[in-house]
Amino acid sequence: MKNRKGLTLIEVILSLAILGMITIPLLNMFVFSTVTNSKSEDVLDATYIAQQIMEERYNESKNGEEIPLNNEYLDSSGVYWIEEKVSNEGNLVRVLIKVYTDNSKKELKAQMETSLLWD
C-alpha cells in the first residue's frame, strides 16, 4: 500500500498553473503576429497601387502625353484614396503620389515621389 503511484491534487494544480504560464505568452505572440501581418498587408497593397500610378506617369512622360494635373480620386478597387501632386519646372516634372485609407487623409499608407524628364 505504501508504494502507490499517481499524482496528488496539488501536483495536478501546479502542473496546470505552469502550463498556463507558458501558454498565455505564446498565444499573445500569435495574436500580435496576426495584427502585424494585417497592417503590413495594407501597406504593401497601398505601395503597389502607388507604384502602378508612378509607372503610368513614367510611360506618359516617355510617350509625350500631356502633363497630368493635381488630382484626388478613389482607386479602382474602391479601397484607397489617391492624391497626386504634380509640379512642373520646365521639362522636369515632380510627381508625388500619396495613398490613404479614406478621403479624410488621416492615415497615410504609402507615398512615392520622383522627378521625370517629360518629353
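Derivation of every value follows stated rules applied to the coordinates shown; laboratory data play no part. Small disclaimer: the values here were computed from a predicted structure and weren't measured. Using ideal geometry, Cβ is built from the backbone for each residue, glycine included, and neighbour counts are taken over all protein chains shown.
3J(HN,Hα) along the stretch 74-82, derived from phi through the Karplus expression 6.51 cos²θ - 1.76 cosθ + 1.60 where θ = phi - 60°, amounts to 8, 5, 5, 7, x, 9, 10, 9, 9 Hz, with x in place of Gly and Pro.
Treating each Cα of the chain as one equal point scatterer and applying the Debye formula with no solvent, the log10 of I(q)/I(0) at q = 0.11, 0.12, 0.13, 0.16 Å⁻¹ comes out as -0.55, -0.60, -0.65, -0.82. For a quick check, take a GNM of the chain with Cα springs below 10 Å and name the residue from L69, L26, L92 with the largest mean-square fluctuation. Judging by the Gaussian network model, the answer is L26. Who wins for biggest fluctuation among I13, I82, I49 in a Gaussian network model of the chain, springs between alpha carbons below 10 Å? Evaluated over the chain, the most mobile residue of the options is I13. In the chain, the DSSP-assigned H stretches of four residues or longer account for a calculated mean residue ellipticity at 222 nm of -17000 deg cm²/dmol, using -39500 (n - 2.57) per stretch and the full residue count as denominator. Listed by chain and number, the aspartates and glutamates placed with their C-alpha closer than 12 angstrom to that of K62 are D119; residues fewer than eight positions away on the same chain are left out. What angle, in degrees between 0 and 90 and rounded to the nearest 10, separates the Cα long axis of helix 9-62 from the longest principal axis of the Cα atoms of the chain? Computed tilt is about 10 degrees. If only the Cβ of Lys and Arg carry +1 and only the Cβ of Asp and Glu carry -1, the dipole of the stretch 30-79 around its Cα centre is close to 200 debye. For the chain, a Gaussian network of Cα nodes joined below 10 Å ranks V79, V31, V99 by mean-square fluctuation, and the top entry is V31.
The loop-placed GluC sites (Glu not before Pro) in the stretch 48-80, going by DSSP, that have at most 15 neighbouring Cβ atoms within 10 Å of their Cβ come out as E65, E66. Note on the stretch 3-119: dipole from Cβ charges, positive end direction compared against N70, T36, L14; the farthest Cα belongs to L14.
With 10 angstrom as the radius, rank M112, M21 by how many other C-beta atoms surround their C-beta, starting from the fewest.
On the way: M112 16, M21 9.
By the 10 Å Cβ count, ascending, the order reads M21, M112.
Among K85, K39, K5, K106, the order by Cβ neighbours within 10 angstrom, fewest to most, reads K5, K106, K39, K85.
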